[in-house]
1. To test your reading of the geometry: what angle, between 0 and 90 degrees and rounded to tens, separates the Cα axis of helix 285-299 from the longest principal axis of the chain?
2. Using a Förster distance of 30 angstrom, determine the FRET efficiency expected from the C-beta separation of S38 and D156, and round it to 0.05.
3. Which of the listed residues, H46, V59, T35, is farthest toward the dipole's positive end in the stretch 3-93, when Lys, Arg count +1 and Asp, Glu count -1 at the beta-carbon?
4. Using a 7 Å offset from the Cα along the Cα-to-Cβ direction at both S288 and Q270, what is the distance between the two label points in nm, to one decimal?
5. Estimate the FRET efficiency between D176 and D252 by the formula 1/(1 + (r/R0)^6), using the beta-carbon distance for r and 22 Å for R0, to the nearest 0.05.
6. Can you give the accessible area of T32 in Å² (nearest 10), computed on protein heavy atoms with a 1.4 Å probe?
7. Given Cα pairs under 8 Å that are at least 6 residues apart, what percent is the relative contact order of the chain?
8. How far apart, in nm, are the 7 Å Cα→Cβ label points at K58 and Q201?
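The values are calculated or read from the model by the stated rules, or taken from the named source; none is laboratory data. Every value quoted in this text rests on a predicted model; they were computed, and no experiment measured them. Positions of Cβ are generated from backbone atoms using ideal geometry, with glycine treated the same way; all protein chains shown enter the neighbour counts. Just so you know, the surface numbers come from the protein's heavy atoms only, side chains and all, with ligands and any DNA or RNA stripped out. Shrake-Rupley method; radii C 1.70, N 1.55, O 1.52, S 1.80 Å.
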Amino acid sequence: MGDMMEIRHFVTFKKIIETGSFTQAAEHLGYTQSTVTSHIQALEEHIGAPLFDRVGRKVRLTDIGKKLLPYTQEILDTYGKIESISNDGEEIRGELKIAAPESLTVYRLEPILREYRKKFPHVNISLSNATCRDNKRAILNGSADIAFVMLPQLQDSDLIVHSLLDEPLVLVGSADCCVLNTLDKSYENQRISECLIVNEQECSYRTIFEEYLRERGIVPSHTMELWSIEAMKRCIMSGLGIACLPLMTVNDEIKEGKLKIIPCVGGFKQIFSQVAYRKNKWISPALSMFIEITLKHARGWSCEEATC
C-alpha cells in the first residue's frame, strides 16, 4: 500500500492546484520539489490513478484529480475545525485568502483590512487581485476563502453571496480636452474620434461598455489597453481618450474638475459590489469575523453621484 496518506499530502495537492506548478507549490510550502513529487506519488499510489497531466511546465488535473478536489477541501476544512477546538476563547489565528478586483481593493477594502488587522493580528492574510470572473473561480476551486466581485447580481447555487452596494458606471473624459459631451442616438452606427481606454479583457465593466457600444453600432477610433485604473485616469485627464469606470473610482477627480461625466443615453447594465464564499465551506473563526467586519463597513458605504 506504500506510505499512509497524510494531511500534508492533501495540502500539497491543493497548493499545486492553486499555484499551477510543482515548483511554485514547493516554494510556497518550503519543500523541495522532490518532496512535493513524493506527496503526490503517495496519493496516486493509494488512489491507483494519476492526479495530474504535465503539459510543458504547466500541470492540469486529470478526471480523477478533479474528483479528488472536493474531498480534499472537505478534509482540510475538517482539519481546520479540529485545530480550532483548542482556540475557543483565545485569540483568533489562521490564514485568510481573499480575492478581489483592483477597483474594490483600492477604493473599498482598505478600511476593512485595517480594522481586521488591528483586531486579529495573528491571522495571516493573503490578498490576490484578478478579474471578477477569476475571483469567482478562485472560491469555487478553493484557492480563495472569500472573494469580492463587481458584477450583475450573482446567482450561483454553490455560493453564498452578500450584495453590498449598487456601483454605478460612468463614461468619463478629460474636463478640458474631450469634445464628446454626450453619447446619444446621433452617434449610433457611427465611428467616434475618441480613443477608448480599457483595462483587461474579462473586466466586467469593460464588457458591459463594449456591449453598449456594439448594440448601438458605435465604433471608437482606436483602443488603448491598460491594466491599472490609476494609469487609465491619468491618460484620460491628459486628453488621450475616454473610459467607462465605476463612479467610486473617479468621484474625486469629477468633483475636482479634472474629469467630466459623458452622459450615455440608455444607461448601462447594473453592477453591484458583492462578497461571496462557497456554500458548503466551513466558516473558520477568522473568516467569520472578516465577513462580519465587511458587512458592517458596507452598511456605511455611500456612492454620491457627481453631477455633470
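1. 10 degrees
2. 0.25
3. The residue sitting most towards the positive pole is V59.
4. 3.3 nm
5. Once rounded, the FRET efficiency stands at 0.80.
6. Surface open to solvent at T32 totals about 80 Å².
7. 21 percent
8. Placing both labels 7 Å beyond Cα along the Cβ direction yields 1.2 nm.
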